[in-house]
Amino acid sequence: MILYRLPILILTTGIVYIFISPSEPLAFSIFFKVIPMVLILIYAFEKSLPKRKSTHYWIIGGISLCLIGDATLQWFFIGLTAFFIGHVLYIVGFLKEWRFSLPRSFSAVPLILFAAWIGYQLVSNLQTNGETGFIFPVIAYIGIITLMAFTAIMTGNRWAILGSLLFIISDSVLAWNMFITGFTGAHEVIMLTYYGAQFLIAHSLFTIDSKQKGMAW
């Protein structure tokens, strides 16, 4: 049970934020929102011991920036910038674990196609709604998260791969709900996939040691 104490706490606090905690006042909501991420950060530190290397620091840095993004997303451009930098740190970490595989490299095709499709949908709606100031940041973010997912796939680390794909799902639903069409249950889908993504990326550190690259899938 001690072995699973942090995952259980992450799950419990995530459920509390998503389904129980009120959205007002704002400071109260942000407090409950970041608790699971703080626990995920602690989990990442634990999983990177005792053979921590540069990859671990980059990934832990990415989680830390995403935590800041969580706390500041109400101020959209500040939060988006924190997440953008967080993905850059993830990319550097994943590049250090790059394991070239021709079959895995083909994953770039569906990733690019999906990025182009959702990018077109978002840009079209932003132009229609006169929110052109969001276009460049949204396109840049789509590009960086797509690259993050591709580098995660190229590590061959199953946990990093699943985490990166959940991240794309979470942010796609968030963008769709924000800029195209809101729908019931969006918040629950966004946060469940988001916490899942961050937890899996943190868990991927368990399979990286100082002598061997990430566990291939």
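The values are calculated or read from the model by the stated rules, or taken from the named source; none is laboratory data. Model, not experiment: these values are computed from the prediction. Heads up, the Cβs are rebuilt from the backbone with ideal geometry, glycines too, and the neighbour counts pull from every protein chain shown. The protein model used for the area step is the full one, side chains on, heavy atoms only, and it has no ligands, DNA or RNA in it. Shrake-Rupley method; radii C 1.70, N 1.55, O 1.52, S 1.80 Å.
Observations
- Positions within the range 1-37 being in contact with a Leu (Cβ under 8 Å, 6 or more places away or on another chain) and β-branched (V, I, T), in sequence order: I10, T13, I18, V34
- Residues (open to solvent by 50 Å² or more (accessible area, probe 1.4 Å), over 16 Å from K33 (Cα atoms) and in contact (Cβ under 8 Å) with a residue 12 or more places away in the chain) located in the range 167-200: I169, W176, N177
- Residue list for the range 92-148, filter: among the small types (G, A, S) and under 25 Å from G182 (Cα atoms): A115, A116, G119, S124, G130, G133, A140, G143
- For the range 12-118, the helices (runs of 4 or more DSSP H) that sit wholly inside it and include 3 or more residues that are open to solvent by 20 Å² or more (accessible area, probe 1.4 Å) and within 21 Å of H203 (Cβ to Cβ) are 26-47, 54-72, 76-95.
- Selection from the range 7-38 of residues that are within 16 Å of G163 (Cβ to Cβ) and either hydrophobic (A, V, I, L, M, F, W, C) or free of Cβ contacts under 8 Å to residues at least 40 places away in the same chain (or both): I10, L11, M37
- Flag if I144 is without any contact (Cβ under 8 Å) to a residue 60 or more places away in the chain and assigned to a helix (DSSP H, G or I): no
- Test: residue in the range 207-216 that is open to solvent by 50 Å² or more (accessible area, probe 1.4 Å) and either among the aromatic types (F, W, Y) or modelled with pLDDT of 95 or more (or both): no
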